[in-house]
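Following: one structure in structure tokens, then a few remarks.
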Amino acid sequence: MLPLEHLQKTVARAVLGKPQLSFSSLVSAGRASPLRRLGIYENNTRTSLTATLMAVFPVTVRMIDERFFRYAASEFIRRSPPSEPRLVRFGSGFPNFLRTFKGLAEMPFVAETARLEWAIAEALDAASLPPLSLAALDGSGSIPELTLQPSLRLVISHWPVLSIWSAHQDGGNPIEAGCWQRGIERIALWRHGDNVRFAALSPAQLAFRHSLKTGLGLEKAVSRALRHDPMFDLLGTLVGLFGEGLVTEVRMTHAC
């Protein structure tokens, strides 16, 4: 008899399509075949995980056909099974998996679009905190340190992934894959209620938001933005951040 933890791991591997040779001798099922009964769990597990991926990556499904997506999902599940019990967190590695998956080498925009869809899923799963208004800046001359919404995600792609994603929404007009042309898109997205909002960014705006998001502070954020654009509009950018509901905390510090 195996220790319980070892037995559980053995069953889990078998359910995910990685059976061990001696597994059938570990399970007793009367007249029923242990492996046949195990197959029911394996099928249900793969069906549930595939459905989860299809819910997270609906545009990707449409781009590569549902049957091919199910095949890719099955391979991904076999190689990268869930590492935590919350299925909403399953799929983080799927975009990178698609990047090297056979049959998609000549369609790099598929993996890039999947990466955008995963960022959307992360944003919807994140907290949405009460936003502050521009009045939170007291005008005292102190340097404000801003905390942004935890749902904010920043995506940079060498393909027009937001355009591709938008074309597959209701009322959109998807075009043939060969018509998509390479072109950099810098995207901010964040949760707004039960939906997601998007904003296209310049290199300076991306550097500014990324610096704030990673806690580098306003001075470094401005410095990094100015490297990309010496005419960076700090006031307009701050008004935009507050107007978009992205600022959740303002702390005043004093310059040395």
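Here are the numbers for the structure shown:
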{"quantity": "Pairs where the first residue, in the stretch 231-253, is hydrophobic (A, V, I, L, M, F, W, C) and the second is assigned to a helix (DSSP H, G or I) and loosely packed, with under 13 Cβ neighbours inside 10 Å, C-beta under 7 Å, 6+ apart", "calculated": "Val239/Leu134; Phe242/Leu134"}
{"quantity": "Criterion violated by Ala121 - all others in (1) part of a helix (DSSP H, G or I); (2) over 20 Å from Asn195 (Cβ atoms); (3) not hydroxyl-bearing (Ser, Thr, Tyr) satisfied", "calculated": "(2)"}
{"quantity": "Some residue of the stretch 76-97 being surrounded by 20 or more Cβ atoms within 10 Å (Cβ to Cβ), more than 25 Å from Val196 (Cα to Cα) and either modelled with pLDDT under 90 or not basic (Lys, Arg) (or both)", "calculated": "yes"}
{"quantity": "Sole residue being of a type in the set (Gly, Ala, Ser), in contact (Cβ under 8 Å) with a residue 60 or more places away in the chain, touching a Ser or Thr at 6+ places or on another chain (Cβ under 8 Å) and surrounded by 13 or more Cβ atoms within 10 Å (Cβ to Cβ), chosen from Gly217, Gly193", "calculated": "Gly217"}
{"quantity": "Criterion: hydrophobic (A, V, I, L, M, F, W, C), closer than 21 Å to Ser157 by Cβ and not in a helix (DSSP H, G or I) - qualifying residue of Leu132, Leu116, Leu98, Leu104", "calculated": "Leu104"}
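Residues are listed down the side, and each one gets a yes or a no for (1) hydroxyl-bearing (Ser, Thr, Tyr); (2) out of contact with any helix residue (DSSP H, G or I) (no Cβ under 9 Å at 6 or more places or on another chain); (3) modelled with pLDDT under 95:
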{"residue": "Ser128", "(1), (2), (3)": "yes, yes, yes"}
{"residue": "Leu137", "(1), (2), (3)": "no, no, yes"}
{"residue": "Pro160", "(1), (2), (3)": "no, no, yes"}
{"residue": "Ala200", "(1), (2), (3)": "no, no, no"}
{"residue": "Lys220", "(1), (2), (3)": "no, no, no"}
{"residue": "Leu226", "(1), (2), (3)": "no, no, no"}
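The values are calculated or read from the model by the stated rules, or taken from the named source; none is laboratory data. Because the structure is predicted, anything quoted here is derived from the model rather than measured. With ideal geometry, Cβ positions are generated from the backbone for all residues, glycine too; neighbour counts draw on all protein chains shown.
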